[in-house]
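First the structure, in the form of structure tokens, and then the observations on it.
The values are calculated or read from the model by the stated rules, or taken from the named source; none is laboratory data. Nothing here was measured: the structure is a model prediction, and the numbers come from that model. We place every Cβ from the backbone using ideal geometry, glycine too, and count neighbours over all the protein chains shown.
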Amino acid sequence: MPTFRAPRGTHDLLPRERFAILRLERIAADLATRYGYRPIETPLFEQTGVFERGIGEVTDVVEKELFRIAPRSEEKESWALRPEPTAGIVRAYIQHGMQTLPQPVKLTTIGPMFRYDRPQAGRYRQFWQFDVEAIGDAGPGIDAEIIELATRFYGDAGLPTIDLLLNSIGDASCRPGYIDALRSYYAKRVEALPPTERARLERNPLRLLDSKDEAMVAINAGAPVITDHLCADCAAHFAGVRAHLDVLGIGYRLEPRLVRGLDYYTRTAFEIYPPGVAGQQSALGGGGRYDGLVELLGGRPTPGIGFGLGLDRVLLALDAAGVSLPPEPATLAVVVGADPAGTAERLRVATQLRAAGLVARADLSVRKLGRQLEAAAKDGAHFAVIIGDELSNGRVQLRDLDAGTQRLVALGDLARELARAGEQHRHG
Ligand code: HAM
């Protein structure tokens, strides 16, 4: 057993996995750019109040999962690691006066989030999200744009099919009536409620609907649905979102019991799952509208909508769907040599190849030439550049490690020859 291990619920991204996430990050950044979303980076920690007020105090994320940072004695502030980026981005929107920019302000970020959750498959204490936010447009067209962007990401990442679940959870004018209906529904079944849910019933009955407790599944199945309680404005907005999605050809399933785990949502709410899989623990992504959040965090009333997609779960879903990840970029050539005193020359030639844009490695060891060639082949390199006596005439041996053939090449031609040989190799 090693003395130290990565903290429970976290996982090291070893090169293969890091490369796979990097690929997803590139796909995400490229998509977001094409849709006009600009990158933003906010701190990995914020004042705790940003999350308590923004996400809501009676949510799992704040009540149970917030990574609070123990304050140093001289500090008056209390901080927490970000469990999600939306609250911090909205804080930045207000702080930097982005209300004065042309609206909506379209922002995107990719990075690690932290939730002190009970770890299990696909649920980590540190995980990666691709996040997109459009602040300052009341929709419903922007809702459809955001949802279409999210679904396109999975396709570009290589996931052939996903399930999109859609709902409207109303706003400040119609949700209170729905919450009353929910409260009285649960109150009639209070004996059957698990103690934690009973405690939440008074403070936030909506949270019971997305409870992770098994005992709640049957109870929730008969609960009243929000879509029966939407006010005229919310119903019209929801119809608008659906109409836009229909025009874009985006398929979705209406899910009237879908509520999100964070309190800032209003109106549109959506979640994305691998096909045929249910349960929030497997959601590949989710998002929705948060028309009250800017005001809640101290700004002028401003609508907003966004999503967060869990990149770790996308990798798991790709694996489950049997989609093989593209290989890591391989080393094209390793520069080797028999002379133990000749490492500087190996390094110089490798530097020249890298300057020409090629992926090259220098073997700077003093092991025998045969062992260096073996190691190069084992590392997946296709070619070895062998530095020997010919160097005094400005030439080196270029060895094709797969074919086992080699020829003399002038140093001045090496980069071009290697690039050409690499191309031929790639195209068989
Ligand atoms: P969320 O639904 O809490 O929404 O998280 C979004 C996604 O992050 C989830 O669907 C899941 O894929 C991934 N995720 C969440 N928790 C974990 C975990 N413990 N381990 C692995 N993956 C996880 C939000 O965070 C909102 N900020 C989304 C949003 C942006 N809404 C509006 N704008």
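Here is a yes/no grid of residues against (1) more than 16 Å from the ligand (Cβ to nearest atom); (2) among the charged types (D, E, K, R); (3) over 14 Å from E133 (Cβ atoms):
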residue	(1), (2), (3)
V62	no, no, yes
P71	yes, no, yes
A92	no, no, no
Q103	yes, no, no
Q | Test: G141 is more than 17 Å from L262 (Cβ to Cβ) and without any contact (Cβ under 8 Å) to a residue 24 or more places away in the chain | A | no
Q.
Please verify whether Y154 is in a helix (DSSP H, G or I), surrounded by 22 or more Cβ atoms within 10 Å (Cβ to Cβ), in contact with a helix residue (DSSP H, G or I) (Cβ under 8 Å, 6 or more places away or on another chain) and not aliphatic (A, V, I, L, M), treating the condition exactly as stated.
A. yes
Q: Specify which of the listed residues (P301, P274) is more than 10 Å from the ligand (Cβ to nearest atom), of a type outside the set (S, T, N, Q) and without any contact (Cβ under 8 Å) to a residue 60 or more places away in the chain.
A: P301
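Does T151 fit the bill of being touching a strand residue (DSSP E or B) at 6+ places or on another chain (Cβ under 9 Å) and either at pLDDT 95 or above or over 27 Å from L107 (Cβ atoms) (or both)?
yes
Let's see how each residue does on (1) within 16 Å of the ligand (Cβ to nearest atom); (2) assigned to a loop (DSSP other than H, G, I, E, B); (3) among the β-branched types (V, I, T):
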| residue | (1), (2), (3) |
| --- | --- |
| G306 | yes, no, no |
| R313 | yes, no, no |
| L318 | yes, no, no |
| E328 | no, yes, no |
| T331 | no, yes, yes |
| E345 | no, no, no |
| T351 | no, no, yes |
| G357 | no, yes, no |
| R371 | no, no, no |
Q: Filter segment 14-43 for residues that are part of a loop (DSSP other than H, G, I, E, B) and surrounded by fewer than 15 Cβ atoms within 10 Å (Cβ to Cβ) and give the result.
A: L14, G36, E41, P43
Q. Does I250 satisfy the criteria of being within 11 Å of the ligand (Cβ to nearest atom) and either outside any loop (DSSP other than H, G, I, E, B) or more than 21 Å from the chain's Cα centre (by Cα) (or both)?
A. no
Q: Say whether the condition of being exposed (fewer than 13 other Cβ atoms within 10 Å of the Cβ) and at pLDDT 95 or above is met by at least one residue in segment 275-288.
A: no
